[in-house]
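The values are calculated or read from the model by the stated rules, or taken from the named source; none is laboratory data. Every value quoted in this text rests on a predicted model; they were computed, and no experiment measured them. Note that we place each Cβ from the backbone using ideal geometry, even for glycine, and neighbour counts take in every protein chain shown.
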């Protein structure tokens with residue numbers, strides 16, 4: 001979740017980072033507009049899943065299972081959960097790009113300032129709305145809500161305020177690994193390739209060993225997608241070569257395995273929907289292909305002015321759309337009798353408008369302040385790393 005800009009240029013020191021590196025491509029600066037659009041598309045996929053592709057709490061909002069509200073499309077909406085994996089691919093690309101050549105203090109400040117202001121606002125909004133007597137959901141305890149402010153509620157065993165925050169816990173672990181093994185010593189192509197190789201190896205070792213500590217650290221179910229995004233950024237920065245594309249290919253092959261293992265089941269009437277393993281693989285392949293098209297410059301023509309705006313809305317929309325969306329669905333559909341499709345469209349629109357408000361009133365105001373404050377904090381001298389030198 002960062003500003004999506006191409007690198008200004010590649011310094012000679014980066015070329016020296018590995019003798020086997022292909023010639024680095026000089027690139028003019030500029031925002032990767034298409035990546036902003038892909039981020040919002042992935043967020044909308046997740047929203048389709050939360051509103052019409054699953055059972056559970058959303059059924060209380062509709063007053064019936066989404067299968068009855070959308071009998072012809074609920075099965076398709078069930079694949080929207082794969083937007084998370086596509087998010088992780090994009091995150092791998094963007095974090096490698098934004099962290100390259102940046103000292104640790106700046107990297108930590110930019111990540112924390114980007115994540116926390118909208119997150120805190122979303123926590124407060126959900127707690128407030130769920131406390132209303134006519135909303136059929138109840139807020140978590142006050143103590144658990146306070147833990148949620150840290151973004152560490154899952155490992156702490158506290159109840160989550162936001163259903164989507166489990167993905168943020170995966171992102172935080174990725175940031176920590178990338179900071180420790182790439183940002184601190186300084187990013188070079190060789191170091192990033194080694195990071196991808198070791199993380200891939202440790203992920204499969206973790207799966208084989210069944211050690212919970214390793215699973216928490218290396219998160220094998222999702223690591224391949226972050227690694228795939230990093231590989232695609234290497235293609236973007238250094239051009240086509242077998243090693244970078246090999247990282248992408250291995251990450252896709254492993255990632256689709258974990259996705260199918262986690263989301264597929266034999267046909268069973270007790271499940272909400274049946275996801276075909278072939279469709280799961282196809283959706284992931286399309287996600288990889290879309291980010292690859294950005295990496296190799298195939299989507300440079302997509303420079304519409306609304307794309308950066310779409311990218312700015314993605315994170316706050318992702319945070320608020322699930323639980324607050326259910327409250328809107330219940331009010332419109334069960335409370336006012338608005339038809340299902342109109343409720344669906346109006347809810348998506350309302351959540352996008354709310355995301356815009358959070359971006360304008362919270363992110364634009366608090367993110368720069370928090371970043372300046374964090375950048376002023378002194379870290380141990382050894383922690384600032386070599387910045388690629």
- When you look at residue 262, is it modelled with pLDDT of 95 or more and closer than 30 Å to residue 352 by Cα, yes or no? no
- Message: Can you go through 122, 145, 118 and tell me which one is touching a helix residue (DSSP H, G or I) at 6+ places or on another chain (Cβ under 7 Å), at pLDDT 95 or above, closer than 29 Å to residue 295 by Cα and in a helix (DSSP H, G or I)?
- Response: 118
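Report, by residue number, each residue of segment 49-72 that is assigned to a loop (DSSP other than H, G, I, E, B) and within 30 Å of residue 253 (Cβ to Cβ).
Selection gives 53, 54.
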- Only one of 278, 222 is without any contact (Cβ under 8 Å) to a residue 60 or more places away in the chain, under 25 Å from residue 77 (Cα atoms), assigned to a helix (DSSP H, G or I) and out of contact with any strand residue (DSSP E or B) (no Cβ under 9 Å at 6 or more places or on another chain), namely 278
- Just one of (1) in a loop (DSSP other than H, G, I, E, B); (2) buried (at least 19 other Cβ atoms within 10 Å of the Cβ) trips up residue 86, so point out which. (1)
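A quick yes/no check of all residues on (1) closer than 30 Å to residue 275 by Cβ; (2) at pLDDT 50 or above; (3) out of contact with any strand residue (DSSP E or B) (no Cβ under 7 Å at 6 or more places or on another chain):
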residue	(1), (2), (3)
2	no, no, yes
7	no, no, yes
30	no, yes, no
47	yes, yes, yes
60	yes, yes, yes
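Identify all residues within segment 177-201 that are in contact (Cβ under 8 Å) with a residue 60 or more places away in the chain and either buried (at least 20 other Cβ atoms within 10 Å of the Cβ) or outside any helix (DSSP H, G or I) (or both); write none if there are none.
If the condition is that a residue be in contact (Cβ under 8 Å) with a residue 60 or more places away in the chain and either buried (at least 20 other Cβ atoms within 10 Å of the Cβ) or outside any helix (DSSP H, G or I) (or both), then 178, 182, 183, 184, 185, 186, 187, 188, 189, 192, 193 are the ones that fit.
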- Can you find even one residue in segment 202-217 that is assigned to a loop (DSSP other than H, G, I, E, B) and either more than 27 Å from residue 96 (Cα to Cα) or at pLDDT 95 or above (or both)? yes
- Only unsatisfied item for residue 356, checking (1) closer than 15 Å to residue 43 by Cβ; (2) surrounded by fewer than 17 Cβ atoms within 10 Å (Cβ to Cβ); (3) without any contact (Cβ under 8 Å) to a residue 40 or more places away in the chain, is (3)
- Task: Quick one: count up the residues across segment 251-273 that are in contact (Cβ under 8 Å) with a residue 24 or more places away in the chain, surrounded by fewer than 14 Cβ atoms within 10 Å (Cβ to Cβ) and not in a helix (DSSP H, G or I).
- Result: 0
- Query: Of the conditions (1) surrounded by fewer than 19 Cβ atoms within 10 Å (Cβ to Cβ); (2) more than 23 Å from the chain's Cα centre (by Cα); (3) in contact (Cβ under 8 Å) with a residue 40 or more places away in the chain, residue 216 fails just one. Which one is it?
  - Reply: (2)
- Exclusive hit being part of a loop (DSSP other than H, G, I, E, B) and either at pLDDT 95 or above or crowded, with 23+ Cβ neighbours inside 10 Å (or both), set 248, 161: 161
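Okay, residues lined up against (1) touching a strand residue (DSSP E or B) at 6+ places or on another chain (Cβ under 6 Å); (2) in a loop (DSSP other than H, G, I, E, B); (3) buried (at least 20 other Cβ atoms within 10 Å of the Cβ):
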site	(1), (2), (3)
293	no, no, no
300	no, yes, no
303	no, yes, no
307	no, no, yes
311	no, no, yes
332	no, no, yes
337	no, yes, no
- Note on the structure: Within segment 202-213, residues at positive phi and in contact (Cβ under 8 Å) with a residue 12 or more places away in the chain come out as none
- Restricting segment 135-158 to residues that are touching a residue at least 60 places away in the same chain (Cβ under 8 Å) and under 20 Å from residue 60 (Cα atoms), the one surrounded by the most Cβ atoms within 10 Å (Cβ to Cβ) turns out to be 135
